[in-house]
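Chemist: So that we are looking at the same thing, I have put the structure below in structure tokens.
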Amino acid sequence: MSIGIFGNLEVMLVLSTLFNPVGLSIIGFTIAILMIVEYVVLWLLTEELTTREQVITIINLIISLAYSIANSPLIIPPLYNIINNAYESNKGFYSLLYMAIFIALVILGIIPVLMYLRKYHNFNNLSKRYQEISLKITSVQQAYQEINSKLNTSQNEIKEVIDNINKATELYNTALRNPDLIITSLDNKPEMPDVVRPNINYVVVGLGGVGTALLRGFIDYLLSQGSIRENTDNPFLFVAFDTNQANISDLRNAYKGTVVENLLYTFDNFELLSANNIVNHNPWLAGFSLSYIQGAGNRRAVGFAMYNTVKDALMQDIAMRLTALINRTMTPRVLLIVLTSLGGGTGSGSFIHFTRDLLEKLRETTRVNDPYVLGFGVLPRSEEGAIFHINAMAAMKEMQFILSNGGARADEENNVTNPFLAFFLISRDRPEKDVDENIRIGLARFLSDIGTSGVREARPNNINIQPGGAGYTDTFDLDDIRTNVNLAPNSFLTFSRYDIYFPASRVSWYKNIGIRISNEINDRYTRLTRLLAEIRDDISKYKANTSNLENEINTLIEDLNSLITKVYRKWSSITSNMHKDLLLWRASIEEGGSYGPSNLETPYNRLMSSTEEGPNKNTIERRINEFNSTVKSEEVFLKNPPASSIQYVFGVPNLENFNYPLERTFLYEVLSQRRDEFSRALSHLRSPLGEIGLTMLNIDYTRINLPLNVTTDAKNFISEHNPSLIRNVRGQDDRGQDVVSSPPLVTALMVTTSSDENILVNEFPNDRAIRDGLQSKAINPTFKKGYIQYKRFDISTYHIINGIYVWKISSKEQPILRDLTYLERSYKEMKDNRPEEMIFHHTLFYDDLEAFENITNIGIGNTIQSEAVRKIADFWSNFDPTLYYIDIWGIIDLSYVYSGIKSINNDLRNIMLELSNAIRSLENGSTNIDLPKIRSAIDRVSNVKLPSAEIFNNIREKNETVNNQNVNRAIEDINKLTFDTLQLLEDIRQKYAKDYITKLNELKKKTTDYYLSNIAQNLINYVDRLSRSCDDLFNVLNNFREETQGMRIRG
């Protein structure tokens, strides 16, 4: 008990020592000082004066000061005395009270610290999270840059591969065009060999859309061959006329800034082609709706009217350029080439008039009096619209008319001019792949050939050597065309191509480019595939990381937002910056942000797209496959070139061991070892027509120049009236035999690479000529033994087509020109159903009514021009081009009529002879009578069918228009034969039959020989049947005579 009391006394003693008024005053002042320090520290830490913590500190400071002042004996003694007395009266209680006050003040002083520390902890936690996110953002950005770098690498890889493929493909196309080149590497452009250019001025005109496209193809071909050069006197003038302004603009822009720009003239005065201006220049259009006139609209007449509106200015501009061309090249020789579609509006409607006007202008303004003028007309395809077919049919009708009636120059009696030396037809309706490209290339080569063929060695008097070694050359083929065409002046032409060459450029491309690039791009594609797979995985991981990071940022932003209202001023800028950074970071990794996953996914998806165009995996895979296929097909081709109708290529079976560099001397060795192949190559040239060369016209060559299955009588009839259809053919016994054959084609072989001595050899070209030609440049590239263009023996063949093959060889057969089937069908449909529209599809004579009257004898002089043009259109609608060939198909068809009647006549005479001989034998007692033979002959007569009067009348009526004398004589012969046969039938009925029966009856009465009597009775029966058959035949043949001649024989 004493111990407890003592312990309490000690506590009380301590409490009374510390917690008395004076002690409390000292403690209070101490706490006050500490609170001041705390306040200052909080101010320094928060840069604020009135935070909650500071308010509590101030309260604590005030309380501490209040207690200190109240308990201090020095400041307010009276108050102190009161408090001290109270204390003294109960020290234990007040000591405990003072201790509680102390503890409260201490706690009150600690609370701000704790409050600050709690906020600091939260702030510091947010800062750490912010720092972590900052590091993650940096990591994401780095990952983004790495993925983006991989994407760029992939894109660049694809572009480089495609670029290499494009370069290799371009070199491949160069190799195809130029077999003589040696291709060494991807970036080394092969040097083009010197080109011998023509010693004639080429004026090449493209009319309409198709014509300008063909013109462009020819220009591009000349450029690819090095025929057009900088700073030389290029012998070329290119002219383009089209009412499609965009087409002309594209053509002009294609060659802007090139050497071609100054050689190209295009029509630009489109402002002149207003509807009113067109009508003013073409009065016959008055009364038609302006909607028909504005724009050619595939109407030939409107295309012609538009040309007619601007022709004066057009011809003047072209004439000025022609004069400059002739002065520049110092040669007056001109080859004028006109390219057009026959199915369109502008070109088809204007080509005849344009060529005629340009030819006239050429003669007026230059020294050129007799230029070579070649026209090329492209026929539409069968699936094209009917309007194109109608235009083409109309154009062909007009061309056939001027070919058959027009002279080279107009005169008073014949005022229609044929401006063309030759007009070539080209078909688009063929089953071959890329027919338009083949036409473009074939035409370009043919046009080049006809001016550079038949090369002679350079001589000072006829060759003008140009800088760089290229010279001009003479040509014999244009004169050859002129000579052959004069033999068949009313015929169309077409052409074909054939090449014989050793594929030096293709072999070098295969070895130096094809294999290497193929291996390279395949390896690069494998690496690219792996890289794209990595990118796919990286993007997937990147999307997951950015998604998680976005969630973290959103959470931190929410926490920051909750802290912003409670945060100290000193921290507010930090949290504000943190908030801004977080918003920016979140925006950067969101969709649409600078580091958004879509920024990577979009280009990746574009790279992986199978539908979008441009550089992507699908494109490069397709291009690589195509290139690999090209390389593989080239390998197959080079090892064993396929049999072709357009070329003969020397194969390289040991292609793997064929090493480079491919020197000319090595080429010579290669060619020397292949001599036997030249004979095989030449055998292709000796194949039948239609089997050699890429022929440009859709003609059924199997039906040309074939023996016709006709009777002897028909052959004799044809021989009498058109002996040109008779051909002598050697049989197996080597004896000649005359047969009736469809007309031949004139086919001329043009060899563009040769020398004088080769041209003069027999049966040129032969294997020696080709071998020497191919080897000459390999021996010595400077040796000019003829011009050997690219070690390729270019052979162009042109065919002069007898018009019978363009139109119809027989009314019973389909046209040999297959295009004519749908051209005629569409034309006839419009003629029958919409005849008033035919005026828009013809053009010839619309601007020359007088010439039309003079040639056709159709009077239109007293009618207004619009009505006159309608009459001209009616004339064309009914114009039949086949009339010009009636001496062929008419004679052939009439021969069947003649043969049918002649066979009746022959059979009747043979029967009469057999009957006379039989009766004579019976009278002499002989029974050796060939009754089956007589019965068979009578059967033939009884069952015979006469030829149709319709065929005969059709030919007779059509011949009334052209008055062909051969056909007139043939008709007269048939009429005579008909009359003679009728007379024979009448004689048999009225005389011979009665006489025969009378004699046979007398024999029966006189003879006792049963067998002889039986034969006589059979003959009586035969004669009676013959008489009745003759009655029937007489009536039928008499009807035929009445239908064909309008007269009968009374019987």
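Chemist: For segment 883-1045, what is the number of Lys pairs with C-alpha distance below 25 angstrom, counting only pairs 8 or more positions apart or on separate chains?
Modeler: Eligible lysine pairs with Cα atoms under 25 Å apart amount to 23.
Chemist: What number, in percent, do you get for the relative contact order of segment 883-1045 if the mean sequence gap of Cα pairs under 8 Å and at least 6 apart is divided by its residue count?
Modeler: Values: 142 pairs, mean separation 56.5, N = 163.
Reported relative contact order: 35 percent.
Chemist: How big is D for segment 883-1045, in µm² s⁻¹ as a whole number, if Stokes-Einstein is applied with the Kirkwood radius of its Cα pairs at 10 °C and 1.306 mPa s? Mind showing how you got there, number by number?
Modeler: Numbers: Rh = 17.3 Å.
Approximately 92 µm²/s, per Stokes-Einstein.
Chemist: So, in nm, how far is label residue 364 from label residue 122 when the simple model puts each one 7 Å beyond its Cα toward the Cβ?
Modeler: 10.2
Chemist: Per-residue HN-Hα couplings for segment 869-886, Karplus 6.51 cos²θ - 1.76 cosθ + 1.60 at θ = phi - 60°, whole Hz, x for Gly and Pro?
Modeler: Working through the residues one at a time gives 5, 4, 5, 5, 4, 4, 4, 5, 4, 9, 5, 10, x, 5, 4, 6, 10, 5 Hz.
Chemist: List the trypsin sites (Lys or Arg not before Pro) in segment 504-601 that DSSP assigns to loop (not H, G, I, E or B) and whose Cβ has at most 13 other Cβ atoms within 10 Å. Which are they?
Modeler: Values: sites: 506, 511, 516, 524, 527, 530, 536, 541, 543, 566, 569, 570, 580, 586; in loops: 566.
Sparse-neighbourhood loop trypsin sites (Lys or Arg not before Pro): 566.
Chemist: Oh, and also: Can you work out the PRE-style zone for residue 980? Point 7 Å along Cα to Cβ, and I want the residues of segment 883-917 with backbone N under 11 Å.
Modeler: 902-903, 905-906
Chemist: Let me ask something additional. Can you give me the convex hull volume of the Cα atoms of segment 2-153, divided per residue and expressed in Å³?
Modeler: On the way: hull volume 20.7 nm³, N = 152.
It comes to 136 Å³ per residue, whole-number rounded.
Chemist: Which loop-located trypsin sites (Lys or Arg not before Pro) does segment 956-1051 contain, where loop means any DSSP state but H, G, I, E or B and the Cβ has at most 11 other Cβ atoms within 10 Å? Intermediate values should be presented prior to the final figure.
Modeler: Numbers: sites: 956, 958, 969, 976, 989, 991, 994, 999, 1004, 1005, 1006, 1025, 1028, 1041, 1048, 1050; in loops: 1048, 1050.
Sparse-neighbourhood loop trypsin sites (Lys or Arg not before Pro): 1050.
Chemist: Now for a separate question. Would you mind calculating the relative contact order of segment 2-153 from Cα pairs under 8 angstrom and at least 6 residues apart, reporting the percent as a whole number? Provide the component values of the computation, followed by the final result.
Modeler: On the way: 117 pairs, mean separation 44.0, N = 152.
Relative contact order for segment 2-153 comes out at 29 percent.
Chemist: Determine the sum of side-chain charges near residue 860: Lys and Arg each +1, Asp and Glu each -1, restricted to other residues whose C-beta is under 14 angstrom from that of residue 860. Walk me through the intermediate numbers first.
Modeler: On the way: positive: 870, 871; negative: 847, 848, 850, 853, 867, 874.
Overall, the nearby charge balance is -4.
Chemist: So for segment 885-941, taking the charge dipole from beta-carbon charges (+1 Lys/Arg, -1 Asp/Glu), which of 911, 900, 921 sits furthest toward the positive end?
Modeler: Ranked along the dipole, the leading option is 921.
Chemist: Now for a different question. From the backbone phi of segment 320-329, what are the Karplus-calculated ³J(HN,Hα) couplings (6.51 cos²θ - 1.76 cosθ + 1.60, θ = phi - 60°) in whole Hz, Gly and Pro given as x?
Modeler: 4, 5, 5, 4, 5, 5, 5, 5, 6, 8
Chemist: Could you tell me which of the pairs 128/570; 189/511; 167/639; 397/828 are separated by over 19 angstrom between their Cα atoms in the structure shown?
Modeler: On the way: 128/570 17 Å; 189/511 16 Å; 167/639 24 Å; 397/828 13 Å.
Flagged as over cut-off: 167/639.
Chemist: Please give me, ordered by residue number, the GluC sites (Glu not before Pro) of segment 917-975 that lie in loop per DSSP and have at most 13 other Cβ atoms within 10 Å.
Modeler: Details: sites: 923, 950, 957, 960, 972; in loops: none.
Of the GluC sites (Glu not before Pro), not one in the loops of segment 917-975 has a Cβ with at most 13 other Cβ atoms within 10 Å.
Chemist: If contacts are Cα pairs under 8 angstrom and at least 6 residues apart, what is the relative contact order of segment 143-261 in percent? Show your work: numbers first, answer last.
Modeler: Values: 90 pairs, mean separation 25.0, N = 119.
Here the relative contact order equals 21 percent.
Chemist: Here is a further query. Over segment 197-420, how many percent of alpha carbon pairs lie in each 5 Å bin up to the one with the longest distance?
Modeler: 1, 7, 14, 18, 20, 18, 12, 7, 3, 1, 0
Chemist: Tell me which residues come under 5 Å, amide H to amide H, from residue 428 once H is placed; ignore anything under 5 positions away on its chain.
Modeler: Distant-sequence amide H within range of residue 428: 379.
Chemist: Segment 38-72 to segment 580-626: how many Å between their Cα centroids?
Modeler: Centre-to-centre (Cα) distance: 62 Å.
Chemist: How large is ³J(HN,Hα) for each residue in segment 960-977, as worked out from phi by the Karplus curve 6.51 cos²θ - 1.76 cosθ + 1.60 (θ = phi - 60°), to whole Hz, x for Gly and Pro?
Modeler: Going residue by residue, I get 4, 6, 9, 6, 6, 5, 4, 5, 4, 5, 5, 5, 4, 5, 5, 4, 5, 5 Hz, with x marking Gly and Pro.
No value in this document is a laboratory result; all are computed from the given coordinates. The structure displayed is predicted, hence computed values, not measured ones. Ideal geometry is used to build each Cβ from the backbone, glycine not excepted, and the neighbour counts take in all protein chains shown.
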